[in-house]
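A short write-up of the structure that comes next.
Any read-out appearing in this document is the output of simple, stated calculations on the displayed coordinates, not a laboratory observation. These numbers were taken from a predicted model, which means no experiment stands behind them. Don't worry about glycine lacking a Cβ; one is built from the backbone with ideal geometry, like all the others, and counts go over all protein chains shown.
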């Protein structure tokens, strides 16, 4: 649907971020906030590209599943069975397959259906 929709992309599909005021007044300056967002985004991009991100997991019972003990145990479970171990403690891995499109990606207009293009070699920073 996303790539074939002809609605306004800006209004209908683009996410946005809103920030609450920082408890420290000196961090509420627009330039400082923008700098911190860019630095954090670059740090996240480098971690993502290095393959060092921990899996995103939705924990229904964090007392059982969001513990160091569970993380150490699940590391030794074969990947074909790891979903079962997570299911037993109500932890559900989230899909991270599109994370590589967070940076250096665009939507190329095509007839009927657009195309997503990602060029990891380029950088705007």
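Quickly rank 37-45, 108-116 as a protection proxy: mean count of other C-beta atoms within 10 Å, highest first.
Numbers: 37-45: 12.3, 108-116: 10.1.
Ranked from most to least packed, the peptides come out as 37-45, 108-116.
With the simple spin-label model, which puts each label point 7 Å out from Cα in the Cβ direction, the residue 27 to residue 7 separation comes to 3.5 nm. Take every Cα pair under 8 Å whose residues are at least 6 apart in sequence, average their separation, divide by the length of segment 34-116, and the relative contact order is 29 percent.
Per-residue ellipticity at 222 nm for the chain, helices alone: DSSP H runs ≥ 4 residues times -39500 (n - 2.57), over residue total, nearest 500 deg cm²/dmol? Before the final figure, lay out the partial values.
Values: 5 runs with 46 residues, N = 125.
Per the formula, -10500 deg cm²/dmol.
Between residue 84 and residue 64, the simple spin-label model (points 7 angstrom out along Cα→Cβ) gives 1.6 nm.
For the chain, a Gaussian network of Cα nodes joined below 10 Å ranks 14, 90, 28 by mean-square fluctuation, and the top entry is 14.
Scaling against 2.2 N^0.38 Å puts the C-alpha radius of gyration of the chain at 1.40.
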